[in-house]
Amino acid sequence: MPFRSLNSANILETLEQLASRVAERFPEASLNAVISELIELGKRDRVRSQRLARPYILLRLGTVSAIVAALAALIYMGYRLINTLAIENAQADIFAIFEGVEAGLNIVILAAVAIFTLSRIEERLKRSLALDDLHELRSIAHVIDMHQLTKDPTALLRLGPRTASSPDRTMNEFELSRYLDYCAELLSLAGKIAALYAQSSRDPVVIAAVNDIETLTSNMSAKIWQKIMIIRTVPTPTGV
């Protein structure tokens, strides 16, 4: 169903449209470079998240081969043990029987270890790939947050003189509101790109990492919207 899962193409389309909006409104802002970086990550992560949903064929073949080899070895050991009992008219040495049983158990244990190891290799490879990409998304979310850090709505009141270290505050009420809104949208889209990994994976570690990023971006967006609400309540100074 089209509305039961995230569409990565629609996420990228929304992100590219947002990039155009920011470039048209703030052509000189460094936020444009951040959006370009997020678009590149989105394109890459779209492919990688889809790859997580597909099996690693070679590893799967290795697991099947281990199972087949273990079954063949057990059948062979059982066949030899039966032949030994038949040839010696069920008078085989009890120690020989125990040796055959022990050999069979060793084969079972070794096969189980091999199968478990091969199955875990695929899981760990996919987890490592996902966590590396999610770490980059977490980092870019902090970069977006840094871009709105100095956008203080109370500066619109111009209550005091600037200092030598004061950041440039050239935006009016409307521009500041739009800039903050763009940052909030960027954070939301970064969270949606991360959610593509949770959609393609059943690994609890990957899902927990995605949830952490979504919580992080939601908290940052809430902080930005607090600033936007303050802008709407701050009276515009006379003459501005």
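A residue that is touching a residue at least 60 places away in the same chain (Cβ under 8 Å) and part of a helix (DSSP H, G or I) occurs somewhere in the range 26-34.
With respect to Ser5, determine if the residue is in contact (Cβ under 8 Å) with a residue 40 or more places away in the chain and in a loop (DSSP other than H, G, I, E, B).
Yes; evaluated as a whole, the condition is true for this residue.
A Cβ distance below 6 Å, combined with a sequence gap of six or more or placement on separate chains, defines the contacts here; from the range 143-169, residues that are under 27 Å from Leu189 (Cα atoms) and β-branched (Val, Ile, Thr) reach residues that are at pLDDT 70 or above and assigned to a loop (DSSP other than H, G, I, E, B) in the pairs Thr150/Pro167.
I want to confirm something. Restricting to the range 12-42 and keeping residues that are among the β-branched types (Val, Ile, Thr) and surrounded by fewer than 18 Cβ atoms within 10 Å (Cβ to Cβ), which single residue is nearest to Leu180 (Cα to Cα)?
Keep residues of the range 12-42 that are among the β-branched types (Val, Ile, Thr), which gives 14, 22, 34-35, 39.
Going one step further and asking which of them are surrounded by fewer than 18 Cβ atoms within 10 Å (Cβ to Cβ), we end up with 14, 39.
Numbers: Thr14: 17, Ile39: 19 Å.
Result: Thr14.
Count of the range 188-197 residues, restricted to those that are surrounded by 24 or more Cβ atoms within 10 Å (Cβ to Cβ) and not hydroxyl-bearing (Ser, Thr, Tyr), is 4. Consider the range 96-107 and keep the residues that are surrounded by 13 or more Cβ atoms within 10 Å (Cβ to Cβ) and either touching a helix residue (DSSP H, G or I) at 6+ places or on another chain (Cβ under 6 Å) or at pLDDT 70 or above (or both). The one that is farthest from Ala72 (Cα to Cα) is Gly100.
Going through the range 24-33 one residue at a time, which ones are farther than 13 Å from Glu175 by Cα and not hydroxyl-bearing (Ser, Thr, Tyr)? Steps first, please.
From the range 24-33, those farther than 13 Å from Glu175 by Cα are 28, 30-33; that's our starting set.
Those that are farther than 13 Å from Glu175 by Cα and not hydroxyl-bearing (Ser, Thr, Tyr): Glu28, Leu31, Asn32, Ala33.
Would you mind finding the one in Ser65, Ser8, Ser36 that is within 22 Å of the chain's Cα centre (by Cα) and either farther than 22 Å from Met171 by Cβ or of a type in the set (Val, Ile, Thr) (or both)? Exactly one of Ser65, Ser8, Ser36 is within 22 Å of the chain's Cα centre (by Cα) and either farther than 22 Å from Met171 by Cβ or of a type in the set (Val, Ile, Thr) (or both), namely Ser8.
Could you please find all residues in the range 193-207 being over 11 Å from Leu134 (Cα atoms) and part of a helix (DSSP H, G or I)?
Here is the first cut: in the range 193-207, the residues over 11 Å from Leu134 (Cα atoms) are 199-205.
Hits for the range 193-207 are Gln199, Ser200, Pro204, Val205.
Reported count of residues in the range 172-186, each being under 13 Å from Thr154 (Cβ atoms) and surrounded by fewer than 21 Cβ atoms within 10 Å (Cβ to Cβ), is 1. The residues of the range 120-169 that are of a type in the set (Ser, Thr, Tyr), modelled with pLDDT of 75 or more and outside any helix (DSSP H, G or I) amount to a single one, Thr150.
If you check Ala70 against the conditions, is it farther than 22 Å from Leu149 by Cβ, assigned to a helix (DSSP H, G or I) and among the small types (Gly, Ala, Ser)? Reasoning before the result, please.
Working: farther than 22 Å from Leu149 by Cβ: yes; assigned to a helix (DSSP H, G or I): yes; among the small types (Gly, Ala, Ser): yes.
When the stated conditions are applied, Ala70 passes them.
Is it the case that Glu40 is under 30 Å from Leu187 (Cα atoms) and either of a type in the set (Asp, Glu) or at pLDDT below 70 (or both)? Against the criterion (under 30 Å from Leu187 (Cα atoms) and either of a type in the set (Asp, Glu) or at pLDDT below 70 (or both)), Glu40 qualifies.
Considering only the range 185-206, how many residues are over 19 Å from Leu6 (Cβ atoms) and in contact (Cβ under 8 Å) with a residue 24 or more places away in the chain? Qualifying residue count, the range 185-206: 1. Criterion first (in contact (Cβ under 8 Å) with a residue 24 or more places away in the chain, β-branched (Val, Ile, Thr), out of contact with any Ser or Thr (no Cβ under 9 Å at 6 or more places or on another chain) and within 30 Å of Asp132 (Cβ to Cβ)) does Ile213 satisfy it? Yes; evaluated as a whole, the condition is true for this residue.
The values are calculated or read from the model by the stated rules, or taken from the named source; none is laboratory data. Here the structure is a predicted model, which means the values were calculated and not measured. No Cβ is skipped: glycine too gets one built from the backbone with ideal geometry, and neighbour counts run over all protein chains shown.
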